[in-house]
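Read the structure below first, then the notes.
The values are calculated or read from the model by the stated rules, or taken from the named source; none is laboratory data. Everything numeric in this text was worked out from a predicted model, so none of it was measured. Here the Cβ positions follow ideal geometry from the backbone for every residue, glycine too, while neighbour counts run over all protein chains shown. What goes into the accessible areas is simple: the full protein's heavy atoms, side chains included, and nothing from ligands, DNA or RNA. Shrake-Rupley method; radii C 1.70, N 1.55, O 1.52, S 1.80 Å.
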Amino acid sequence: MKFNKTRNKVFGAIFIFIVVVAFFFYPTKYYLEVPGSAEDTSQFVKVAGKHDQKKGNLLLTTVGIVNGTPFTLLKSVGNNFETIYSQQELMGDETNEEYLRVQQYYMKSATNNAIQAAYSKADKPFTKKYLGVYVMDVMDNSDFKNKLAIGDTITSINGYHFNNADQFIKYVKKQNKKSTVKIKFTRDGKEKTASGKLVKLADTKRFGLGITLTDNTEAKGKPATKIDAGSIGGPSAGLMFTLQVYSQIANKDLKAGRTIAGTGTISPDGTVGPIGGIEKKVYATSQEGATVFFAPDDPVTKLIKKYEPGYVNNYHLALRAAKKIHTKMKIVPVKNLNDAINYLEKTKQSK
């Protein structure tokens, strides 16, 4: 009888231990978006082989994505700077690896746009090279389902080379729906080939490869600029990379010794677009001592209000976040690259 009691105590202790470990460490199918880091863009950018040595910082901002455990999910409830997402909400049908590949593409696209916008603003020469069609997704019914992967770049079809995704789409449209096509593509720097039949595209009467695609380009300027963001993904560093590149190629001291942060996508024409998680980025940069934070002032159109009545743009979300944490950091609305540059030029003496 005593033995049974001892055994029950041991089993009970083991059970409690397992429950406690699971509560703190067991991964769920939910993720937490949390404040990330604020990184000095000068460490990622080289112009004519050199990093920017001017005093001050131009900080890109990130959010962190961490796998939620029962403990961290419970702890995040009521926290204004942590958001819970299901795997479906965050990644859709993509695997972790596919999601990261797409994020790396978005960063590559952002750096290309940054170079174009900065060189155009500085009136410096640059070229844009078309690399092919970047594969964003492969449909389940596609004949290329196990031949192509997210992140591949299609360079030709039936020996036909194209200058943009529209040309590629138009060429495929002209093919007989029973056609078998041969494509060339690159994966991890290696050239490969694959053949497959066309399939009916969902919700259309057209036939195609059954992929989601976009242009894959590479921008190069004179003097040469190289941007290597490492493992950082996504498009939201576009504005800050543009400011960093512009300040170097135009030899402008935009920082003037200040710590300046911000976020926003960038288009080749300098338009700044909205991003996700801006509240977390305000929090992270305030902790780093930034005095200025650029926030996209994206227009709230009637169409947006129709489908999302409660929509609040990035600038006003950033203002709310700044108020909650009582930061002295100045939240500056920007619609385009000129807005940011003009603000920095005008406020140099008041730093």
Condition check for LYS108: over 21 Å from the mean Cα position of the chain (by Cα) and surrounded by 13 or more Cβ atoms within 10 Å (Cβ to Cβ): no
Subset of the stretch 162-209 (residues that are at pLDDT 90 or above, of a type in the set (Lys, Arg) and assigned to a loop (DSSP other than H, G, I, E, B)): LYS174
Enumerated helices (runs of 4 or more DSSP H) restricted to the stretch 261-350, each holding at least 2 residues that are modelled with pLDDT of 95 or more and crowded, with 22+ Cβ neighbours inside 10 Å: 278-287, 314-325, 337-346
Residue count, the stretch 61-108 (criterion: out of contact with any Phe, Trp or Tyr (no Cβ under 7 Å at 6 or more places or on another chain), of a type in the set (A, V, I, L, M, F, W, C), under 27 Å from ALA261 (Cα atoms) and assigned to a helix (DSSP H, G or I)): 3
For ALA224: the one exception among (1) of a type in the set (Gly, Ala, Ser); (2) loosely packed, with under 15 Cβ neighbours inside 10 Å; (3) within 18 Å of the chain's Cα centre (by Cα): (3)
Residues satisfying the stated conditions in the stretch 269-324, i.e. in contact with a strand residue (DSSP E or B) (Cβ under 7 Å, 6 or more places away or on another chain), in contact (Cβ under 8 Å) with a residue 60 or more places away in the chain and under 20 Å from ASN338 (Cα atoms): GLY270, THR271, VAL272, THR291
Residue that is among the hydroxyl-bearing types (Ser, Thr, Tyr), in a loop (DSSP other than H, G, I, E, B) and in contact with a helix residue (DSSP H, G or I) (Cβ under 9 Å, 6 or more places away or on another chain), where the choices are SER236, SER247: SER236
Residues being assigned to a strand (DSSP E or B) and either hydrophobic (A, V, I, L, M, F, W, C) or open to solvent by 40 Å² or more (accessible area, probe 1.4 Å) (or both) - total across the stretch 38-60: 10
